[in-house]
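*Asks:* Take this structure first; my questions come after.
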Amino acid sequence: MKIIESECLPGKTIAQMNLQTQRMLGQQGTAEFNGLHVDALQIGQINEMRQGPEIRRKNNCIVNMGGKLTREEVERRRKEHRAKFEVAEDVWTSIVLPRPDNSLVLLDRKREEMKCLAKELGDVVAHIAAIEQTESLDQVTGTKRPHE
């Protein structure tokens, strides 16, 4: 995946990229677009307008409620999409994906985020331990206190 290789979106995983592509296309299945250079937002607008009893959506994306598409059906759709939506080669070859200036900055940000999350987790664990200790003392003494 050229976007991942270019490191223009540092810290993003392939799974995150796939999910974002599904959102942009407005449909869960993406096999019929593999290898094509299309404007995903244009297809997403078309899918957004599709209505009917046979159209099922999950998180605003059209999902396939039938069986798995055959290789022939995927290829037929791919050819159709190529004819309708493929962006001209001179357009997509001229796109330059920017590289971040310094990936160490991202790494530092992630480390800071991790420290904050670790502190927050420690606070939550301490709070739970205090509640459990209070409950334990209440059981021993037979008193009941309202909890936070």
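*Asks:* Does Lys2 satisfy being more than 15 Å from the chain's Cα centre (by Cα) and modelled with pLDDT of 95 or more?
*Replies:* Values: more than 15 Å from the chain's Cα centre (by Cα): yes; modelled with pLDDT of 95 or more: no.
Spelling it out, it is not the case that Lys2 is more than 15 Å from the chain's Cα centre (by Cα) and modelled with pLDDT of 95 or more.
*Asks:* May I pose another question? When you look at Gly142, is it on the phi > 0 side of the Ramachandran plot and among the small types (Gly, Ala, Ser), yes or no? Let's see the steps before the verdict.
*Replies:* On the way: on the phi > 0 side of the Ramachandran plot: yes; among the small types (Gly, Ala, Ser): yes.
So Gly142 passes the test.
A quick yes/no check of all residues on (1) more than 30 Å from Lys2 (Cβ to Cβ); (2) under 23 Å from the mean Cα position of the chain (by Cα):
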site: Leu97; (1), (2): no, yes
site: Asp101; (1), (2): no, no
site: Lys115; (1), (2): yes, no
site: Ile128; (1), (2): yes, no
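*Asks:* Right, here's the next one. On the given criteria, is Ile62 surrounded by 14 or more Cβ atoms within 10 Å (Cβ to Cβ) and assigned to a strand (DSSP E or B)? Before the answer, list the steps.
*Replies:* On the way: surrounded by 14 or more Cβ atoms within 10 Å (Cβ to Cβ): yes; assigned to a strand (DSSP E or B): yes.
Criteria met by Ile62.
*Asks:* Can I ask one more? Would you check which residues across region 31-50 are of a type in the set (Val, Ile, Thr) and either within 19 Å of Thr93 (Cα to Cα) or surrounded by fewer than 12 Cβ atoms within 10 Å (Cβ to Cβ) (or both) and list them?
*Replies:* So the first thing to find is which residues in region 31-50 are of a type in the set (Val, Ile, Thr), and the list is 38, 43, 46.
Selection gives Val38 alone.
*Asks:* While we're looking at this one, here's another question. If Arg99 satisfies every condition in (1) part of a helix (DSSP H, G or I); (2) touching a residue at least 12 places away in the same chain (Cβ under 8 Å) but one, which is the exception?
*Replies:* Going through the list (1) part of a helix (DSSP H, G or I); (2) touching a residue at least 12 places away in the same chain (Cβ under 8 Å), Arg99 breaks only (1).
*Asks:* Follow-up. How many residues does region 5-30 hold that are open to solvent by 50 Å² or more (accessible area, probe 1.4 Å), outside any loop (DSSP other than H, G, I, E, B) and either modelled with pLDDT of 90 or more or touching a Lys or Arg at 6+ places or on another chain (Cβ under 7 Å) (or both)?
*Replies:* Residues that pass the stated criteria total 8.
*Asks:* Something else: Conditions: (1) of a type outside the set (A, V, I, L, M, F, W, C); (2) under 23 Å from the mean Cα position of the chain (by Cα); (3) open to solvent by less than 70 Å² (accessible area, probe 1.4 Å). His81 meets all but one. Number of the miss?
*Replies:* In the conditions (1) of a type outside the set (A, V, I, L, M, F, W, C); (2) under 23 Å from the mean Cα position of the chain (by Cα); (3) open to solvent by less than 70 Å² (accessible area, probe 1.4 Å), His81 misses (2) alone.
*Asks:* While we're here: Kindly indicate which of Asp108, Asp90, Asp138, Asp101 is surrounded by fewer than 10 Cβ atoms within 10 Å (Cβ to Cβ) and more than 29 Å from Leu25 (Cβ to Cβ).
*Replies:* On the way: Asp108 fails: surrounded by fewer than 10 Cβ atoms within 10 Å (Cβ to Cβ); Asp90 fails: more than 29 Å from Leu25 (Cβ to Cβ); Asp138 fails: surrounded by fewer than 10 Cβ atoms within 10 Å (Cβ to Cβ).
Result of the check over Asp108, Asp90, Asp138, Asp101: Asp101.
*Asks:* Let me spell it out: the conditions are (1) open to solvent by less than 70 Å² (accessible area, probe 1.4 Å); (2) not in a loop (DSSP other than H, G, I, E, B), and Gly67 meets all of them except one. Which number is the exception?
*Replies:* So the condition that Gly67 fails would be (2).
*Asks:* Can you list residue pairs whose Cβ atoms sit under 8 Å apart, with the first residue in region 125-139 being free of Cβ contacts under 8 Å to residues at least 24 places away in the same chain and the second being among the basic types (Lys, Arg)? Count only pairs 6 or more apart in sequence or on different chains.
*Replies:* Cβ pairs passing all conditions: Thr134/Arg145; Asp138/Lys144; Asp138/Arg145.
*Asks:* Those residues that are farther than 30 Å from Gly11 by Cα, aliphatic (A, V, I, L, M) and at pLDDT 90 or above, I need them from region 108-148; list them, please.
*Replies:* Initial filter on region 108-148 (farther than 30 Å from Gly11 by Cα): 126-148.
Going one step further and asking which of them are aliphatic (A, V, I, L, M), we end up with 126, 128-131, 137, 140.
Across region 108-148, the qualifying residues are Ala126, Ile128, Ala129, Ala130, Ile131.
The values are calculated or read from the model by the stated rules, or taken from the named source; none is laboratory data. Predicted model only: the values in this text are computed from it and were never measured. Backbone-built Cβ (ideal geometry, glycine too); neighbour counts: all protein chains shown. With ligands, DNA and RNA removed, areas are computed over all heavy atoms of the protein, side chains included. Shrake-Rupley method; radii C 1.70, N 1.55, O 1.52, S 1.80 Å.
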